[in-house]
Amino acid sequence: MGCEIVVGGADAAARSAIEDLFEERDRIFSRFRAESELNRVNESAGHPVRVSAAFASMVALALDAAHETDGLVDLTLGTALEAAGYDADFARLRDDGRPPMSGERGHWRAVRLLGRHVSVPAGTCLDLNGVVKGKTVDDALALVPGDGFVGAGGDLATRGGAVVALPAGGTARLVRGALATSGTDRRRWVRSGTIQHHLIDPRTGTPSRSRWRQVSACGATCVAADIAAKAAFLLDDDGPGWLDARGIPGRFVAADGTVHANDAWRHSLAREVACT
């Protein structure tokens, strides 16, 4: 998944199982492995295709995320990512002089899931990274015996508490649950001299112009925290209020480095951050 995995509290057997789990999810859901199930589904766009139970479960989760966020976290943005220039594994991205293009807007409601059959409109490419990493962190934590934590690319889930480093400095003690951060500081590249990033706004089909550089959100699970952070990032100025309306602690770092915490975050700090 192009990120470092950090595990605490796991014995050798659990560490091996967690490594296998992340490798399996990458093998199924990577856009950059020709043999992945995701690419097989995308190549079959326009026709229903039978998928594995694991793939069907992740599509169901992604559709739920789209519904809960009114389409802000959308699973149909694969072509938009490619149009922005994210058309190879991140470590291999180079500015080849081609200008970035506008991609298709999100249209998650056109995806159909019936049991283990998925139907994607012709010309649409799924990208499930909006839920895969967070769900894999949650599933990996379940493999840790007793108290411990699992982190992947800055997203962390814990059972038993952990001190978490925060973007732009500082720490918070996460009592339980998860903390996830979405931002433009890592997955960004240059295409024909224009800075691009991976957080596509499904309303435009182009990289978001949100004023936030990073948004961190809490959740009972890592996938829930990740979904909330992405939605709040894309909502720009409305992000803090959107999280507050749902009782979700959120911390926002603006492009100039200033930090803003929503009311739920400030209240949680007063009693330590319990992401439930």
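The values are calculated or read from the model by the stated rules, or taken from the named source; none is laboratory data. This structure is a prediction, so every number in the text was calculated from the model and none was measured. With ideal geometry, Cβ positions are generated from the backbone for all residues, glycine too; neighbour counts draw on all protein chains shown. Each accessible area value is taken on the protein alone, full model and side chains, heavy atoms only, with ligands, DNA and RNA left out. Shrake-Rupley method; radii C 1.70, N 1.55, O 1.52, S 1.80 Å.
Considering only 134, 249, 162, the residue lying farthest towards the positive end of the dipole of the chain is 249, judged by Cα position with unit charges set on Cβ. Once the convex hull of all Cα atoms in region 120-214 is built, its volume per residue stands at 130 Å³. Over all Cα atoms in the chain, the spread is summed up by Rg and Dmax: 18.2, 53 Å. Would you kindly state the longest site-free stretch of the chain, with sites defined as GluC sites (Glu not before Pro) in a DSSP loop (not H, G, I, E, B) surrounded by at most 13 other Cβ atoms within 10 Å? The segment 36-271 is the longest one with no such site.
Ligands, DNA and RNA aside, residue 3 has an accessible area near 40 Å² when probed at 1.4 Å.
Other residues within the sphere of radius under 13 Å centred on the Cβ of residue 131, judged by their own Cβ, net out at -4 (K and R +1, D and E -1).
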